[in-house]
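J.: Before anything else, here's the structure in question.
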Amino acid sequence: HRLQERMPEQLDYYLRFKRNVLPEGPDHFLGRFYYDTALAASPHAFASLLTVADTSHILFGTDYVFATAAAVPATIRGVRDYPGFTPEDVDTIGHGSALALFPTSPPGPGAHDGIGLIWSCTSRPAFRDGARFLDRCPVRC
């Protein structure tokens, strides 16, 4: 009974909050965040993510060195093989979104597609360990 009495009050609070704070709704704001593919490059994850964000807000990521060695090639395959992504989407995820966020980061030498750009960027000093791993990675651009 007590919950039933509080429901109209809670509903009123929610409606006032939504009207005053989130007039466009939460999905509008979720679409403004940036998301990465680290440990989530599955068809189910991408299908859900694409309901709130477009590919310009998805960045390639692997969580290397914290993820297992198998996670990097699995992430690359997951992005490339997702049927909902066009080749342009893969390129956007591979480097376009990152370049939009960090426009002063020039492409590394030898970058020939989106994920290749990410790989070549790992040759910078801060990412040397990642570059050594990626040099042995069986999935090539």
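J.: Go through region 1-68 and tell me which helices (runs of 4 or more DSSP H), entirely inside it, have 3 or more residues that are within 28 Å of D81 (Cα to Cα) and in contact with a His (Cβ under 6 Å, 6 or more places away or on another chain).
T.: Counting at least 3 such residues, we get no helices (runs of 4 or more DSSP H) at all.
J.: Same structure, new question: Step by step: first the residues of region 41-90, then only those that are hydroxyl-bearing (S, T, Y) and more than 16 Å from G31 (Cβ to Cβ), then the one that is least open to solvent (accessible area, probe 1.4 Å). Which residue is that?
T.: T75
J.: Can you name every residue in region 52-77 that is over 17 Å from T92 (Cα atoms), free of Cβ contacts under 8 Å to residues at least 40 places away in the same chain and among the hydroxyl-bearing types (S, T, Y)?
T.: Residue satisfying the conditions is T68 alone.
J.: Of all residues in region 73-107, count the ones that are modelled with pLDDT of 85 or more and assigned to a loop (DSSP other than H, G, I, E, B).
T.: Qualifying residue count, region 73-107: 5.
J.: If D27 meets every condition in (1) exposed (fewer than 11 other Cβ atoms within 10 Å of the Cβ); (2) at pLDDT below 85 apart from one, which number is that one?
T.: So the condition that D27 fails would be (1).
The values are calculated or read from the model by the stated rules, or taken from the named source; none is laboratory data. What you see is a predicted model, and the numbers here were worked out from it, not measured in a lab. In this analysis, Cβ positions are derived from the backbone assuming ideal geometry, glycine residues included, and neighbour counts consider all displayed protein chains. Ligands, DNA and RNA are stripped out before the accessible areas are found, and what is left, the full protein with its side chains, is counted by its heavy atoms. Shrake-Rupley method; radii C 1.70, N 1.55, O 1.52, S 1.80 Å.
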